[in-house]
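The values are calculated or read from the model by the stated rules, or taken from the named source; none is laboratory data. No experiment lies behind these values; they were computed from the predicted model shown. Positions of Cβ are generated from backbone atoms using ideal geometry, with glycine treated the same way; all protein chains shown enter the neighbour counts.
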Amino acid sequence: MKRTILLLTLLCAVVTMSAQARKRVSILGDSYSTYENFVQPDSNRLWYRMVDPRNDVVSVDQTWWHLFIKENGYLLDRNNSFSGATICNRGYDGADYTPRSYLTRMDNVGCPDILFIFGGTNDSWAGVPMGEFKYSGWTQAELFTFRPALAKLLWYCTLRYPNTEIYVLLNNELSDDINGAMRIICQHYGVPLIELRNIDKQGGHPSIKGMRQICDQVNAFIHARKAQ
């Protein structure tokens with residue numbers, strides 16, 4: 001009996017150590033990374049859902065982030081994605097998007113080993129003001145423009161999560177201003193930028209094929225970077 005208990009205890013310890021060794025992944029995103037019942041907080045607005053799907057993605061295991069986590073043997077820490085969210089505090093039709101912005105949500109992604117920041121799409125689609133390149137001393141008004149907001153987001157994340165691998169994903173088909181700002185500001189903070197190419201979409205959002213393409217491109221970028 002004692003031998004059995006000892007073996008079970010050792011087995012539990014091995015399982016626990018194995019789980020602890022697996023990297024944890026978090027996502028700070030917009031509609032592209034949502035899925036019903038897999039987003040925290042659960043009050044976040046969704047785009048991908050099980051009932052009345054808007055394209056052919058009908059299961060969470062078809063999403064880009066679920067594919068990536070499963071194929072690499074990682075664990076999901078937190079997916080704080082919010083449909084329609086902008087990086088800055090300005091949204092569609094000039095509305096105040098502070099409650100859903102990336103700046104508001106950036107301290108609520110758990111304690112990940114890998115953090116994906118996938119945004120800029122709604123900033124581009126909404127045509128938010130770009131603002132100036134500025135890397136400190138941001139005023140509240142400046143955070144309603146894209147360049148200062150993105151700079152503060154990356155400044156904060158690199159300090160708040162110092163031992164975390166942070167990657168920024170850049171959607172294709174965005175404005176030249178957004179693309180240029182993402183490249184310059186990511187380079188300033190030394191944050192790798194994964195520029196997505198030719199993503200298949202339905203209703204402006206990745207299809208099953210598009211989700212697979214995102215996962216493959218993220219995998220290829222990270223593996224190539226680590227091989228250098």
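Within region 205-228, can you find the residues that are in a loop (DSSP other than H, G, I, E, B) and either without any contact (Cβ under 8 Å) to a residue 24 or more places away in the chain or closer than 22 Å to Leu154 by Cβ (or both)? Working first, answer last.
The first filter runs over region 205-228 and keeps only residues in a loop (DSSP other than H, G, I, E, B), leaving 207, 228.
If the condition is that a residue be in a loop (DSSP other than H, G, I, E, B) and either without any contact (Cβ under 8 Å) to a residue 24 or more places away in the chain or closer than 22 Å to Leu154 by Cβ (or both), then Gln228 is the only one that fits.
Search region 85-102 for residues being buried (at least 18 other Cβ atoms within 10 Å of the Cβ) and of a type outside the set (A, V, I, L, M, F, W, C), and hand back the single one that is nearest to the chain's Cα centre (by Cα).
Applying the first criterion (buried (at least 18 other Cβ atoms within 10 Å of the Cβ)) to region 85-102 yields 85-91, 97, 100-102.
Next, only the ones that are of a type outside the set (A, V, I, L, M, F, W, C) stay: 86, 89-91, 97, 100-102.
Details: Thr86: 12, Asn89: 17, Arg90: 19, Gly91: 18, Tyr97: 18, Arg100: 14, Ser101: 13, Tyr102: 10 Å.
Per the criteria, the residue is Tyr102.
Look through Leu28, Leu115, Leu46 and report the one residue that is buried (at least 20 other Cβ atoms within 10 Å of the Cβ), modelled with pLDDT of 95 or more and touching a Ser or Thr at 6+ places or on another chain (Cβ under 6 Å).
Numbers: Leu28 fails: touching a Ser or Thr at 6+ places or on another chain (Cβ under 6 Å); Leu46 fails: buried (at least 20 other Cβ atoms within 10 Å of the Cβ).
Testing whether each residue is buried (at least 20 other Cβ atoms within 10 Å of the Cβ), modelled with pLDDT of 95 or more and touching a Ser or Thr at 6+ places or on another chain (Cβ under 6 Å) leaves just Leu115.
Okay, residues lined up against (1) in contact (Cβ under 8 Å) with a residue 40 or more places away in the chain; (2) part of a loop (DSSP other than H, G, I, E, B); (3) surrounded by fewer than 18 Cβ atoms within 10 Å (Cβ to Cβ):
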position	(1), (2), (3)
Asn179	no, no, no
Met182	yes, no, no
Gln187	no, no, yes
Ile194	no, no, no
Arg197	no, yes, yes
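Are any residues in region 71-100 among the hydroxyl-bearing types (Ser, Thr, Tyr) and touching a Gly at 6+ places or on another chain (Cβ under 8 Å), and if so, which ones?
Of everything in region 71-100, those that are among the hydroxyl-bearing types (Ser, Thr, Tyr) and touching a Gly at 6+ places or on another chain (Cβ under 8 Å) turn out to be Ser81, Thr86, Tyr92, Tyr97.
Go through region 32-47 and give me each residue that's closer than 8 Å to Ser83 by Cα and either among the β-branched types (Val, Ile, Thr) or in contact with a Cys (Cβ under 8 Å, 6 or more places away or on another chain) (or both).
If the condition is that a residue be closer than 8 Å to Ser83 by Cα and either among the β-branched types (Val, Ile, Thr) or in contact with a Cys (Cβ under 8 Å, 6 or more places away or on another chain) (or both), then Thr34 is the only one that fits.
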